[in-house]
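Written out below as structure tokens is the structure these notes cover.
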Amino acid sequence: MTGVPDITLNNGVTIPQLGFGVFQIPPEDTKEATALALDVGYRHIDTAQMYGNEAGVGEAVRASGLDRSEVFITSKLDNGAHAHDDALAAFDKTLATLDLDYLDLFLIHWPMPTVSDYAETWKAMEAMYAGGRVRAIGVSNFQTNHLNRLAAECTVIPAVNQIEIHPYLTNETVRSFCAEHGIAVEAWSPIAQGGVLEDPTITAIAERVGRTSAQVTLRWHLQRGDIVFPKSVTESRVRENFALFDFELGDDDVAAISALNKDERTGPDPDVFGS
Ligand SMILES: NC(=O)c1ccc[n+]([C@@H]2O[C@H](COP(=O)([O-])OP(=O)(O)OC[C@H]3O[C@@H](n4cnc5c(N)ncnc54)[C@H](OP(=O)(O)O)[C@@H]3O)[C@@H](O)[C@H]2O)c1
């Protein structure tokens with residue numbers, strides 16, 4: 001028992017609401033970082049082909065002694081592999097690199113709307129799903145217009161949409177669309193890579209509830225119902241980011257943090273990224 005709630009995706013598969021992200025962890029450090037996270041109790045790891053560190057994730061999971069079914073593993077299709085056959089080959093490569101028989105969740109990493117046809121890519125994702133070696137498929141960085149196109153032209157509704165969300169970018173339009181259409185929301189860069197931790201509203205709440213700014217921010221995400229996977233290579237922070245289930249924020253605190261939104265991205269704009 002880890003105390004982490006599960007979220008049920010639209011195909012019945014369950015995903016731990018709190019996981020561990022490995023973006024920007026160098027490949028040679030990823031096995032150790034992931035092993036620490038598993039030791040602390042994380043049972044959901046978020047990697048991507050683009051991060052170059054899938055091998056370390058697979059090694060850590062196999063070395064952990066945990067049953068494969070106890071760890072939820074996500075990876076993401078690289079931006080250069082959107083063509084149908086390239087996507088199928090890239091998925092095979094991900095399984096080979098992770099050295100696993102199946103993946104829990106595979107996402108289109110970015111829609112790349114100006115340079116590729118993401119609806120055709122989604123049809124390749126549907127073929128992977130039908131093949132039975134991935135338990136759920138989803139998208140990342142999809143805006144409502146991209147999701148509408150998938151709904152019109154494709155068969156499977158994405159199980160998740162992984163998008164940038166933190167107190168300075170609450171991304172309500174895409175979140176509401178996903179809620180209406182049964183698509184679970186995953187919040188990437190949940191603490192804006194540290195950029196929200198000095199915010200006076202957040203530090204004041206943290207001081208009052210006796211927690212850190214990172215814990216308050218992550219708790220805000222969880223209470224809004226989103227899935228998060230903060231990244232850290234610092235042991236104390238890996239533990240701190242997991243200690244979120246013995247306190248609660250009041251509705252007024254959740255609302256005050258949501259009101260910090262200024263539509264400020266730390267990452268690229270999905271409508272133009274790739275141009
Ligand atoms: N789909 C996408 O396009 C996309 C884009 C970006 C990220 N992601 C996913 O989302 C995950 C999380 O996002 P992210 O890695 O960009 O950013 P993040 O989790 O918001 O922040 C990570 C940064 O904050 C620091 N940090 C972590 N915990 C802290 C704490 N308790 N106190 C103070 N500082 C802390 C880390 O430093 P140290 O490591 O030095 O401790 C690191 O510099 C990624 O790892 C990846 O899995 C997806």
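Coordinate-derived values only; no laboratory data. In this text, all values refer to a predicted model and were calculated from it rather than measured experimentally. With ideal geometry, Cβ positions are generated from the backbone for all residues, glycine too; neighbour counts draw on all protein chains shown.
Annotations for the structure displayed:
- For the chain, the 222 nm mean residue ellipticity estimated from helices alone, with every DSSP H stretch of n ≥ 4 adding -39500 (n - 2.57) and the total spread over all residues, rounds to -12000 deg cm²/dmol.
- Size of charge dipole - segment 148-275 - debye, nearest 20, with Cβ of Lys, Arg +1 and Asp, Glu -1, no other charges: 260 debye
- Within the chain, DSSP assigns beta bridges of which about 15% are antiparallel (rounded to the nearest 5).
- Segment 45-53 - phi-based ³J(HN,Hα) in whole Hz, Karplus 6.51/-1.76/1.60, Gly and Pro as x: 10, 10, 10, 6, 4, 4, 6, x, 10
- Here segment 1-102 yields Rg over Rh of 0.97, to two decimals, using C-alpha coordinates and the Kirkwood radius.
- When only alpha carbons are used to place a centre, segment 79-129 and segment 231-275 end up 27 Å from one another.
- Along the chain, the longest continuous region that contains none of the GluC sites (Glu not before Pro) in a DSSP loop with at most 15 other C-beta atoms within 10 Å is 1-197.
- For the chain, built as a Gaussian network whose Cα springs stay under 10 Å, the top-fluctuating residue of Arg149, Arg237, Arg43: Arg149
- Computed from the C-alpha gyration tensor, the three semi-axes of the ellipsoid equivalent to segment 12-62 are 18, 13, 9 Å, from longest to shortest.
- Antiparallel DSSP beta bridges within segment 121-201, as percent of all bridges there, nearest 5: 10 percent
- Looking at the chain, the pairs of alpha carbons with a distance over 28 Å make up 32% of the total.
- Note: relative contact order over segment 196-266, using C-alpha pairs below 8 Å and six or more positions apart, is 29 percent.
- Highest GNM mean-square fluctuation among Asn261, Asn145, Asn53, for the chain modelled with Cα contacts below 10 Å: Asn145.
- In percent, rounded to a whole number, the relative contact order of segment 108-219 is 19, using alpha-carbon pairs under 8 Å and six or more apart.
- Choice from Asp199, Asp99, Asp67 showing the highest fluctuation, given a GNM over the chain with Cα pairs closer than 10 Å: Asp67
- Length available on full extension from Ala127 to Ala255: 0.36 nm per residue minus the Cα-Cα distance, which gives 42.0 nm.
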